[in-house]
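K.L.:
I am attaching a structure below and will ask some questions about it afterwards.
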Amino acid sequence: MQSYITVKNGVVPSVCSLDCPDQCGLLVHKQDGKIVKIEGDPEHPITKGNICNKVRNMAERLYDSKRVQTPLKRVGQKGEGKFAPISWEEAIDTITNQWKTLIKEEGPESILPYSFYGNMGKLSAEGMDRRFFNRLGSSQLDRTICSVAGTIGYDYTMGGSYGTDPADMEETKLFILWGINAVSTNMHQMTIAQKARKKGAKIIVIDVHKNQTGRMADWFIPILPGTDAALALGIMHILYKENLVNRPFLEEYTIGYQELEDHLEQYHPQMVSDITGVPVEDLYQLARMYGTISPSMIRIGNGLQHHDNGGMNARTIGCLPALTGQWVVKGGGAVRANGDFLSFNKKALRRPDLLKVNTRIINMNQIGKALLESYPPIHSLYVYGSNPAIVAPESNKVRKGLAREDLFTVVHDLFLTETAMFADIVLPATSSFENTDFYTSYWHNYLQLQEPVIPPYGQSKSNTEVFRLLAKGMGFDDQALKDTDEELINQALSGASNPYLPDITFDQLKEKRFIKARNMEDFIKNLPTPSGKIELYSKKMEEDGYPALPTYIPLVEEKEYPLQYVPAPTHNFLNSTFANNEKHKSLEKEAKLFIHPKDAQIRGIEDRERVRIWNHRGECELTAVVGDYVLPGVVVSQGLWSDAPEKKHLVNSLTPDRAADMGGGAVFFSGRVNVEAMKKEETV
Ligand SMILES: Nc1nc2c(c(=O)[nH]1)N[C@H]1C(S)=C(S)[C@@H](COP(=O)(O)OP(=O)(O)OC[C@H]3O[C@@H](n4cnc5c(=O)[nH]c(N)nc54)[C@H](O)[C@@H]3O)O[C@H]1N2
Ligand SMILES: Nc1nc2c(c(=O)[nH]1)N[C@H]1C(S)=C(S)[C@@H](COP(=O)(O)OP(=O)(O)OC[C@H]3O[C@@H](n4cnc5c(=O)[nH]c(N)nc54)[C@H](O)[C@@H]3O)O[C@H]1N2
Ligand code: SF4
Ligand SMILES: [Mo]
């Protein structure tokens, strides 16, 4: 078959590579060999031709004159952004010579990779890179920045990332969107909920912010940050008291339901109301709706996972569908993430066997601290698919670490990101449209293939290609470091020993385009928990030092600051991606801080006034939006804004780098701040 690259004029298929649960099928329109338009692929079984504005406006990003075209070396101070073009040969020689010296003098652990899912393609994010750094014996990165706390918490209850199939949700009668801004972050979940609403379904949103999703709800329930486990326990208390639990289901599919019933006594509705800010009568109404409407589905979002108690929040909410027996109702249950249905052969792809020694593990959420304090020190950082200078907590520490003169930093990206400004060497990355890769959605259970649809931009190269070159430069002769992209895909998609994923070849995926996980109907009978059942009581948790039963644990108190601060994602950016695009910035207009009228009034803050937000970690400036979008005592901003043209919107300068209760997860939303109006002369 003809390569899509050679198509000069026409429409070719593609996949959205961004870190988004929807993982849309795309159709790319080409004119004179260039992408001129991106739209949804109507043949995709779930996304059905609709895509978000971000990607609809993406074509110009691909040909943006700001894209890095050649390797660069730093010629000015770190952070200054002065670079000169060099050849690939010089770039690879410089990096590998530095690393060879470092390995001899300091050991391979002085080198640290730093990456995340800027491109969700499995080869790009966890393929040749993992093989290379395993072979190198570098320090390892614990990739905790997104949802690890909730993953582990939910696993204690359910054994893995398994939940309701979105394909079944059109019949659902009650949607509880809990800590998820689905209109912006999972738009097809919203489309499905709205279709179901036409057939009588109700949509409830539980959030700390009445944002675009809350405004579309039939019932918006505002909650105080980090108190969701208490709300779930209050619902459970009422379900048991009013005999709305499904006892036959509990007996057959769960363990610990009697212990749970006793334990729930303490979660009296009044106490739950005092903790959560949800009025007692609303708590009763919510519990009764949840106990009587079927099928019901809870979409568990990341908002409630990015907290000190994020693991326990997901663990606890994950217990709710078992109490009502919703797991055996089509379209009922819950989804935190569905990623394990498509769990492929990770060992074959990542090759952990290439790592011959025990090396230290660095939590990516504490990259600032690691760069400043680790002993033995980190002497070289290799960043790809992530932008830690913007997205990681405690930005001031991160930037101080990146500014270290004795740190040799390489950044592989499409753009001169805020992180790249601190690099010694910058390498140009291809966009996903220029690569071969495969994609597994963590929401809708479909696999997809990306084949290159345009040639590499300038001299840019894909992640797999760069790691093959680095391996050669290091003199590593292993075949595993030479495999082609097609070979990597075939290795990853065979021998997964996953009952939901048959062996698949590159050619099959190319032919079918969308392949779905299979045999998911009865997953509830085959849970990989220690007991094989839903664990309302978890002995494993006890062994790991947690309460065995779901429990509300308050956030770490930062007493000196009066306001809880939630810096959430925004509609027109994807994390920091698109924050450097004029079109996306103009759609987003300005960086806002939502504040309750009571909190605004005592500080003399007026609507649309510029405010300073600060704590002991840092400060930033945003535009106040005064209104009852948030509860008193809570402030919310949206978006990870770019530095350019000023550094004033660096929200992560305020966020803590503490580890969540489980897995070292991020706690972006558990910090506290103070806010003040800015004097007029300061804002000009
Ligand atoms: N447009 C857009 N889409 C995205 C992203 C993006 O940046 N922009 N990012 C992508 C990524 S990487 C991820 S992980 C997902 C994240 O997407 P979501 O799962 O939607 O998670 P967040 O947007 O982090 O937070 C969701 C909501 O939780 C609320 N929240 C915060 N704290 C609490 C709490 O304690 N309790 C409750 N109930 N609510 C709380 C916030 O106000 C927010 O509305 O979205 C993906 N999709
Ligand atoms: N305050 C606050 N901070 C947050 C969050 C929040 O809600 N609030 N959300 C957190 C979450 S959930 C996440 S997942 C993280 C995400 O943080 P990151 O993973 O850092 O995500 P992005 O900011 O999108 O940066 C991805 C980078 O990868 C580059 N890239 C894309 N494709 C490729 C490729 O193929 N190769 C290479 N080498 N580079 C590529 C892009 O150009 C971009 O610069 O942010 C976290 N930070
Ligand atoms: S960012 Fe999400 S909604 Fe937008 S096109 Fe990509 S997968 Fe679809
Ligand atoms: Mo994320």
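The values are calculated or read from the model by the stated rules, or taken from the named source; none is laboratory data. As the structure is a computational prediction, the values presented were derived from the model and not from experiment. Quick reminder, even Gly has a Cβ in these numbers, built from the backbone with ideal geometry, and neighbours come from all protein chains shown.
K.L.:
For residue 120, which of the numbered conditions (1) outside any loop (DSSP other than H, G, I, E, B); (2) within 30 Å of residue 524 (Cα to Cα); (3) in contact with an Asp or Glu (Cβ under 9 Å, 6 or more places away or on another chain) fails to hold?
P.N.:
Of (1) outside any loop (DSSP other than H, G, I, E, B); (2) within 30 Å of residue 524 (Cα to Cα); (3) in contact with an Asp or Glu (Cβ under 9 Å, 6 or more places away or on another chain), only one is false for residue 120: (1).
K.L.:
From the list 558, 543, 588, 609, which residue is surrounded by 15 or more Cβ atoms within 10 Å (Cβ to Cβ) and at pLDDT 95 or above?
P.N.:
609
K.L.:
Would you say residue 645 is away from ligand 3 (no atom under 16 Å from the Cβ), out of contact with any strand residue (DSSP E or B) (no Cβ under 8 Å at 6 or more places or on another chain) and not small (Gly, Ala, Ser)?
P.N.:
yes
K.L.:
Check whether at least one residue in segment 29-46 is closer than 24 Å to residue 169 by Cα, buried (at least 18 other Cβ atoms within 10 Å of the Cβ), among the hydrophobic types (A, V, I, L, M, F, W, C) and within 16 Å of ligand 2 (Cβ to nearest atom), and report yes or no.
P.N.:
There is no residue in segment 29-46 that is closer than 24 Å to residue 169 by Cα, buried (at least 18 other Cβ atoms within 10 Å of the Cβ), among the hydrophobic types (A, V, I, L, M, F, W, C) and within 16 Å of ligand 2 (Cβ to nearest atom).
K.L.:
Of the residues 48, 54, 82, only one is modelled with pLDDT of 95 or more, outside the structural domain of residue 377 (by TED's automatic domain parsing), under 30 Å from residue 396 (Cα atoms) and among the basic types (Lys, Arg); which?
P.N.:
After ruling out the rest, the residue left standing is 54.
K.L.:
Quickly run through segment 442-455 and pick out the residues that are within 21 Å of residue 28 (Cβ to Cβ), touching a helix residue (DSSP H, G or I) at 6+ places or on another chain (Cβ under 7 Å) and surrounded by 19 or more Cβ atoms within 10 Å (Cβ to Cβ). Even if it seems obvious, please write down each step before you answer.
P.N.:
So in segment 442-455, the residues within 21 Å of residue 28 (Cβ to Cβ) come out as 444, 446-455.
Applying the additional criterion that residues be touching a helix residue (DSSP H, G or I) at 6+ places or on another chain (Cβ under 7 Å) yields 444, 447, 449-455.
Across segment 442-455, the qualifying residues are 444, 447, 449, 450, 451, 452, 453, 454.
K.L.:
Within 16 Å of ligand 2 (Cβ to nearest atom), more than 17 Å from residue 382 (Cα to Cα) and not in a loop (DSSP other than H, G, I, E, B) - does that describe any residue in segment 130-148?
P.N.:
Yes, because at least one residue in segment 130-148 is within 16 Å of ligand 2 (Cβ to nearest atom), more than 17 Å from residue 382 (Cα to Cα) and not in a loop (DSSP other than H, G, I, E, B).
K.L.:
Here's a check for you: in segment 164-174, which residue that is under 18 Å from residue 46 (Cα atoms) and touching a Lys or Arg at 6+ places or on another chain (Cβ under 7 Å) is farthest from ligand 2 (Cβ to nearest atom)? Spell out how you get there, then give the answer.
P.N.:
Within segment 164-174, the subset under 18 Å from residue 46 (Cα atoms) is 164-172.
Subset that is touching a Lys or Arg at 6+ places or on another chain (Cβ under 7 Å): 168, 170-171.
Details: 168: 26, 170: 28, 171: 30 Å.
Residue satisfying both the conditions and the ranking: 171.
K.L.:
For residues in segment 127-158 being within 15 Å of the chain's Cα centre (by Cα) and of a type in the set (D, E, K, R), which is nearest to ligand 1 (Cβ to nearest atom)?
P.N.:
Filtering first and then ranking leaves 143.
K.L.:
Among (1) within 16 Å of ligand 4 (Cβ to nearest atom); (2) out of contact with any strand residue (DSSP E or B) (no Cβ under 7 Å at 6 or more places or on another chain); (3) assigned by TED's automatic domain parsing to the domain that holds residue 226, where does residue 180 come up short?
P.N.:
(2)
Let's see how each residue does on (1) more than 16 Å from ligand 3 (Cβ to nearest atom); (2) more than 22 Å from residue 458 (Cβ to Cβ):
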site: 2; (1), (2): yes, yes
site: 10; (1), (2): yes, yes
site: 21; (1), (2): no, yes
site: 24; (1), (2): no, yes
site: 43; (1), (2): no, yes
site: 48; (1), (2): no, yes
site: 62; (1), (2): no, no
site: 78; (1), (2): yes, yes
site: 90; (1), (2): yes, no
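K.L.:
Scan segment 297-321 residue by residue and report those that are in contact with a Lys or Arg (Cβ under 9 Å, 6 or more places away or on another chain), more than 16 Å from ligand 4 (Cβ to nearest atom) and either among the charged types (D, E, K, R) or closer than 19 Å to residue 252 by Cβ (or both).
P.N.:
308, 318
K.L.:
For segment 300-332, give me each residue that is under 17 Å from residue 225 (Cα atoms) and either outside the structural domain of residue 204 (by TED's automatic domain parsing) or not in a helix (DSSP H, G or I) (or both).
P.N.:
300, 301, 302, 303, 304, 305, 306, 307, 308, 309
K.L.:
What do you reckon, is residue 191 more than 26 Å from residue 639 (Cα to Cα) and away from ligand 4 (no atom under 15 Å from the Cβ)?
P.N.:
no
K.L.:
Condition (residue is more than 16 Å from ligand 2 (Cβ to nearest atom) and under 19 Å from residue 554 (Cβ atoms)) applied to segment 209-221: is it met by at least one residue?
P.N.:
Within segment 209-221, the subset more than 16 Å from ligand 2 (Cβ to nearest atom) is 210, 214-221.
When the remaining residues are screened for being under 19 Å from residue 554 (Cβ atoms), the result is none.
No, every residue in segment 209-221 fails to be more than 16 Å from ligand 2 (Cβ to nearest atom) and under 19 Å from residue 554 (Cβ atoms).
K.L.:
Report, by residue number, each residue of segment 222-258 that is more than 27 Å from the chain's Cα centre (by Cα) and under 30 Å from residue 557 (Cα atoms).
P.N.:
Listed by number, the residues that qualify are 234, 235, 236, 237, 238.
K.L.:
Could you figure out which of (1) assigned to a helix (DSSP H, G or I); (2) surrounded by 13 or more Cβ atoms within 10 Å (Cβ to Cβ) isn't true of residue 262?
P.N.:
(2)
K.L.:
Now for a separate question. Of everything in segment 265-292 that's among the β-branched types (Val, Ile, Thr) and assigned to a helix (DSSP H, G or I), which residue is surrounded by the fewest Cβ atoms within 10 Å (Cβ to Cβ)?
P.N.:
The residue in question is 292.
K.L.:
Return the residues of segment 365-424 that are within 16 Å of ligand 1 (Cβ to nearest atom) and of a type in the set (Ser, Thr, Tyr); say none if nothing qualifies.
P.N.:
The answer is 386, 417.
K.L.:
Within segment 611-641, how many residues turn out to be in a loop (DSSP other than H, G, I, E, B) and either more than 12 Å from ligand 2 (Cβ to nearest atom) or touching a helix residue (DSSP H, G or I) at 6+ places or on another chain (Cβ under 7 Å) (or both)?
P.N.:
Total meeting the criteria: 12.
K.L.:
Tell me, yes or no, whether segment 1-11 has at least one residue that is farther than 28 Å from residue 445 by Cβ and surrounded by 15 or more Cβ atoms within 10 Å (Cβ to Cβ).
P.N.:
yes
K.L.:
Could you go through segment 594-606 and let me know if any residue there is within 16 Å of ligand 1 (Cβ to nearest atom), at pLDDT 95 or above and more than 27 Å from the chain's Cα centre (by Cα).
P.N.:
yes
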